[in-house]
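Okay, structure first, notes after.
Please treat every number below as a calculation from the coordinates, not as lab data. Not measured: the values here are computed from a predicted model. All Cβ positions, glycine included, derive from the backbone under ideal geometry; neighbour counts span all protein chains shown.
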Amino acid sequence: MSKNSKNQNKQPEQQENLPAPTIPQIANQYSFIQPDDIIYIKPEELPAGAPEEEMKVCFTSIPALKVRTLESEENARYMTADQMRRLTDNVKKDKALTSAVLLYPDFETKTLVVLSGNHRVEAAKIAGHKIIPAMVIQSYLTPEQRLAVQLSHNAISGQDDPNLLEKLYESLTMEYKAYSGLTDDSFDFLDKLNIDSLAIGSPQYEEVALHFLPKEKEAFIEHIEKLKSPPEKKTYLLAEYEDFTAFFNTIVAIKEFKNVYNTAIAIRIMTEMAMERLQQLEAEAEQEKATAKEEKASDGEQT
């Protein structure tokens with residue numbers, strides 16, 4: 001037997017002893033699902049008192065027409081017309097979406113609602129894409145949980161190191177600078193302070209024309225007039241620190257006695273108790289006056 005044939009016979013044994021990770025093994029950490037197999041979970045199907053389950057996310061490619069984007073009053077994140085145009089141009093250039101959108105299958109409307117990626121979906125539709133990559137949540141979320149996921153994807157986005165960002169941006173060609181979504185104006189705030197501008201001399205100025213709609217003009221003029229008028233004087237009421245301590249202890253005592261947790265409610269109860277006690281004192285004072293009057297009259301009759 002030749003040396004080469006011996007090596008060939010040993011190869012299967014080596015592969016069994018040292019298995020290497022493969023792409024399917026890594027991908028199986030998440031599930032892949034066909035659009036027709038997406039489950040729309042009924043809220044009432046969850047057992048009462050069941051613990052919150054781990055969120056299950058599946059990958060799929062979905063027809064763009066089956067996806068419902070959020071209305072403007074549902075989505076706080078917006079893009080300017082120029083930003084939307086650049087996003088659409090990028091999608092057209094790539095001929096695909098390069099990041100998956102996050103969808104939730106709403107049982108009530110039987111639609112796939114976009115929780116993250118609304119502008120990407122709109123750009124894909126404008127670019128003529130029929131299919132979009134998506135991650136679909138396959139576990140029930142309450143409306144509050146869905147809103148929290150939506151807001152977190154917009155709010156928790158990180159920050160850029162401006163100096164490093166400018167360095168990376170400058171390494172791009174003009175074509176890909178436009179693709180990046182940044183412009184040279186994005187780094188104007190990094191310009192070094194010009195000390196010469198602090199010297200006394202003729203100031204340089206530029207004229208700026210502001211255009212307003214009629215209602216906006218009225219509001220703008222109103223704000224300007226407010227800036228001209230002096231600020232209103234504020235009244236500050238002072239008291240002894242011990243008085244605050246007594247007030248605070250009274251609130252705590254009322255909370256414990258009435259079994260309430262809300263401070264505003266405790267203050268309201270305190271005022272009601274104070275008014276009730278005041279009425280009692282007034283009644284007692286009237287009674288004392290009447291008693292004194294009767295005693296005086298009785299003394300007069302005896303004399």
Measuring from label point to label point, each 7 Å out along Cα→Cβ, what is the THR245 to LEU168 span in nm? 5.7 nm
If amide H atoms are built 1.01 Å from N in the plane of the peptide, which residues on other chains or at least 5 residues away come under 5 Å of the amide H of LEU115? LEU102, LEU103, TYR104
Aspartates and glutamates with Cα under 14 Å of LYS226, excluding same-chain neighbours fewer than 8 positions away: GLU218
In sequence order, what are the phi-derived ³J(HN,Hα) couplings for the range 276-291 according to the Karplus relation 6.51 cos²θ - 1.76 cosθ + 1.60 with θ = phi - 60°, rounded to whole Hz, with x for glycine and proline? 5, 5, 5, 5, 5, 5, 5, 5, 5, 5, 5, 5, 5, 4, 5, 5
Förster-model FRET efficiency, 41 Å R0, GLU108 and ASP160, C-beta, rounded to 0.05: 0.55
Just to be sure I understand the model, the point goes 7 Å from the Cα along the line to the Cβ. What's the resulting LYS215 to LYS177 distance in nm? 4.1 nm
Over 22 Å between alpha carbons, listed pairs LYS95/LYS130; LYS42/LYS66; LYS125/LYS177; LYS56/LYS110: LYS125/LYS177
Hits in the range 258-286: amide N under 16 Å from the 7 Å Cα→Cβ extension of LYS296, namely 285-286
Step through the residues of the range 68-79 one at a time and calculate ³J(HN,Hα) from phi using the Karplus curve (6.51 cos²θ - 1.76 cosθ + 1.60, θ = phi - 60°), rounding each to whole Hz and writing x for Gly and Pro. 10, 7, 6, 6, 4, 7, 9, 10, 6, 7, 9, 10
Quote to one decimal, in nm, the extra length available between ILE269 and ILE41 on full extension: 0.36 nm per residue of separation minus the C-alpha distance between them. 77.5 nm
Extended-chain gain in nm, criterion 0.36 nm per residue less alpha-carbon gap, ASP82 and ILE126: 14.4 nm
